[in-house]
Amino acid sequence: MKNNIFLLGAFFISALFVISCTDDLNQNPTDPDLFTEVDVYSSSQEALSALAKVYSGLAVTGQEGPAGQPDIDGSIIDEGFSSFTRIMWNLNEATTDTGIISWVSDSGVPDINQLNWEPNNPWTKGMYYRLAQNISYANSFIENAAALAANSTEVQNYINEARFIRAYCYSQLIDMFGDVPLVTSVSAVLPNQSSRAEVFSFIESELKDLASVLPAPGVSEYGHVDRIAASSLLTRIYLNAEVYIGQAKYAEVITHAEDVFSSSYSINKSDGNNNGSAYDELFLADNDTNGAQNEFIFALLYDGINTQAWGGATFLVHAPIGGTMNPVEFGVNGGWGGLRTTKGLVKKFDYAVTQADGNGHPITWSDSRAMFHTDGQTYETEKMSTFKSGYAVRKFKNVDVNGNPGSDSSGNHPDMDVPIIRLAEVYLNYAEAVTKGGGGSTTLATDYINELRSRASAPLISVSDLTTEMVMDERARELFWEGLRRPDLIRANKFVSSNYLWPFKGGAANGTGVSDYLKLFPIPEDVLLVNPNIKQNPNY
């Protein structure tokens, strides 16, 4: 899965011919006349190679890795910027209290920091195209592998995996853009725009089926999704159902979370790193083998030699390093001085402060999730463009549990896999649903949170402490910079409102409320020009 990356392309707003490439990311695309669709689907092994592109469309950005032959035209977004995880971080973290980007000269970045984007913002546009394109990859795979699947259970499993990736991409599309076209086959016909509720229903139906037909955990290789991935994603979309379709689905969160809890996935507690913690291990170069993999329900796989991109793990490791931080400690050749946090996140750890500076600002914590670098950094975030303005973050590293760097000797590209869904999130989904009347057990919800807090050496809570607000704060502590903060704040009615502020929200130094329509990102204008069936989101 890490080495065999293939392109199967058909675009969301206009169908393109299928192209394939051989071997790994460093190979040039092969002439389609020499490597045809028939060849790609001539055996289960060839189908597996094609499936790899469905996965890798969320991990890499083109055919030559880390740059060259981009999946998305450079006139839409620079290839280095176009990685799914890089755009997701910008849209779901830098728009909130957990993150801010220093590179204000990059097009669209100041607007992301300040919640002031327009329809042609390259980041919102890049995300729409990235998700739409990956849906096209999945649709192409599902159609072309169907004949082979008729006589192969193995290939049918691959098709089901592609269905999961498609459902995941649609879950991101409705979260970010609302009403979008629902396209489940490759076609040159311009699609109509479906309502958010219609697409939600499709995702729900797909995932409920996949929760019964995908393989059980442990049957497939690490990196392939299984039936628990479908159940886990169901808990996420049900948790947000009031936002998406105006209906509470908290009882459904409980039902599918219990399915996850009965599986073989487990919270990593191995603590094999003498210099860190079990939480640390989730974000290291060997997180595919150090025990963290047992917590990862869906992850994007990276290999510093064979899976290279300027987004993904490379972005997450390099971009937060700056100031007095030593890149060697992170297993890379340098920092980009780009990402840091605000006191909004830092204050979530106030209960765990063990030392403050002369100004009374915290500089050490007993909770190991408070992974802040404070030396040379200011507590207050006063300037967007200044890396030292605001605490830095030490969450992602390209070293193993023993401190050894990853496989890329140049120090450019990390081996760290990027978790997209992990068991800890499902614990917190369950706990939040319990506090919102979905049923379940307050005792179990408390126990699940305490399992996470115990791993981080944080003080335990009692059942009486379990409230929705407490769970939301725990989500910030446990899941920060993992691409979930924006939807969390929207669900909590804190994203656009003036009742919860952070630096530069709405363009004000101390933050201000913004318009409600910003809960959705704009549909790219060039998509509207190509397809008159699609209407823009309100107020753009």
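Restricting to segment 503-536, count the residues that are among the aromatic types (Phe, Trp, Tyr) and more than 22 Å from Asp175 (Cα to Cα).
Within segment 503-536, residues that are among the aromatic types (Phe, Trp, Tyr) and more than 22 Å from Asp175 (Cα to Cα) number 1.
State which residue is nearest to Asn537 (Cα to Cα) when the search covers only segment 185-228 and only residues that are polar (S, T, N, Q) and surrounded by fewer than 16 Cβ atoms within 10 Å (Cβ to Cβ).
In this case the residue turns out to be Ser195.
Can you tell me which residue in segment 420-457 is surrounded by the fewest Cβ atoms within 10 Å (Cβ to Cβ), limited to those that are among the small types (Gly, Ala, Ser) and in contact with a Phe, Trp or Tyr (Cβ under 8 Å, 6 or more places away or on another chain)?
Here the answer is Gly437.
What pairs come up if the first residue lies in segment 331-344 and is more than 11 Å from Ala392 (Cα to Cα), the second is of a type in the set (Asp, Glu), and their beta carbons are under 6 Å apart, counting only those six or more places apart or on different chains?
So the pair list comes out as Gly344/Asp97.
Every residue, every condition in (1) surrounded by fewer than 20 Cβ atoms within 10 Å (Cβ to Cβ); (2) in a helix (DSSP H, G or I); (3) within 24 Å of the chain's Cα centre (by Cα); (4) at pLDDT 95 or above, yes or no:
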{"site": "Pro459", "(1), (2), (3), (4)": "yes, no, no, yes"}
{"site": "Ser464", "(1), (2), (3), (4)": "yes, yes, no, yes"}
{"site": "Asp488", "(1), (2), (3), (4)": "no, yes, yes, yes"}
{"site": "Ser498", "(1), (2), (3), (4)": "yes, no, no, yes"}
{"site": "Thr512", "(1), (2), (3), (4)": "yes, no, no, yes"}
{"site": "Gln536", "(1), (2), (3), (4)": "yes, no, no, yes"}
{"site": "Asn539", "(1), (2), (3), (4)": "yes, no, no, yes"}
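Within segment 439-471, track down each residue that is out of contact with any Lys or Arg (no Cβ under 9 Å at 6 or more places or on another chain), more than 20 Å from Ala492 (Cα to Cα) and of a type in the set (A, V, I, L, M).
Leu444, Val463
Output the number of residues of segment 352-410 satisfying the condition of being closer than 18 Å to Thr324 by Cα, β-branched (Val, Ile, Thr) and either without any contact (Cβ under 8 Å) to a residue 60 or more places away in the chain or surrounded by 22 or more Cβ atoms within 10 Å (Cβ to Cβ) (or both).
The qualifying residues number 6.
Just one of Thr324, Thr354, Thr314, Thr342 is of a type in the set (Val, Ile, Thr), modelled with pLDDT of 95 or more and under 17 Å from the mean Cα position of the chain (by Cα); which is it?
Within the list Thr324, Thr354, Thr314, Thr342, the selection yields Thr314.
Return only the number of the condition from (1) crowded, with 19+ Cβ neighbours inside 10 Å; (2) more than 16 Å from the chain's Cα centre (by Cα); (3) closer than 19 Å to Ala257 by Cβ that Glu478 does not satisfy.
So Glu478 meets the others, but not (2).
Check off (1) under 20 Å from Glu242 (Cβ atoms); (2) part of a loop (DSSP other than H, G, I, E, B); (3) not acidic (Asp, Glu) for Ala433 and give me the number that stays unchecked.
(2)
Taking helices (runs of 4 or more DSSP H) that do not extend beyond segment 16-110, which have at least 1 residues that are at pLDDT 95 or above and closer than 29 Å to Glu221 by Cα?
44-56, 84-92
Name every residue in segment 304-333 that is surrounded by fewer than 23 Cβ atoms within 10 Å (Cβ to Cβ) and more than 30 Å from Thr378 (Cβ to Cβ), in order of residue number.
Within segment 304-333, Ile305, Asn306 meet the criteria.
State which residue is farthest from Ile297 (Cα to Cα) when the search covers only segment 229-255 and only residues that are crowded, with 19+ Cβ neighbours inside 10 Å and of a type in the set (Gly, Ala, Ser).
Filtering first and then ranking leaves Ala241.
Asn134 fails exactly one of the following numbered conditions: (1) buried (at least 24 other Cβ atoms within 10 Å of the Cβ); (2) part of a loop (DSSP other than H, G, I, E, B). What is the number of that condition?
All conditions are met except number (2).
Which residue pairs have Cβ atoms closer than 6 Å, lie 6 or more positions apart in sequence or on different chains, and pair a first residue in segment 91-116 that is under 19 Å from Gly390 (Cα atoms) with a second residue that is in a loop (DSSP other than H, G, I, E, B) and of a type in the set (D, E, K, R)?
Gly99/Glu93
Do you know which of the residues in segment 225-270 that are hydrophobic (A, V, I, L, M, F, W, C) and without any contact (Cβ under 8 Å) to a residue 60 or more places away in the chain is nearest to Ala492 (Cα to Cα)?
It comes out as Ala241.
For segment 144-173, what are the residues that are among the acidic types (Asp, Glu) and either buried (at least 20 other Cβ atoms within 10 Å of the Cβ) or without any contact (Cβ under 8 Å) to a residue 40 or more places away in the chain (or both)?
Selection gives Glu161 alone.
Could you count how many residues in segment 206-245 are assigned to a helix (DSSP H, G or I) and within 15 Å of Ser264 (Cβ to Cβ)?
The total comes to 5.
Do you know which residues across segment 473-486 are aliphatic (A, V, I, L, M) and assigned to a helix (DSSP H, G or I)?
Answer for segment 473-486, where residues must be aliphatic (A, V, I, L, M) and assigned to a helix (DSSP H, G or I): Ala476, Leu479.
What are the residues in segment 514-525 that are surrounded by fewer than 16 Cβ atoms within 10 Å (Cβ to Cβ) and in contact (Cβ under 8 Å) with a residue 40 or more places away in the chain, if any?
Glu525
For segment 372-391, state whether one or more residues are over 20 Å from Phe504 (Cα atoms), assigned to a loop (DSSP other than H, G, I, E, B) and under 27 Å from the mean Cα position of the chain (by Cα).
For segment 372-391, residues over 20 Å from Phe504 (Cα atoms), assigned to a loop (DSSP other than H, G, I, E, B) and under 27 Å from the mean Cα position of the chain (by Cα): present.
The values are calculated or read from the model by the stated rules, or taken from the named source; none is laboratory data. Here the structure is a predicted model, which means the values were calculated and not measured. All Cβ positions, even for glycine, are placed from backbone atoms using ideal geometry, and neighbour counts span all protein chains on display.
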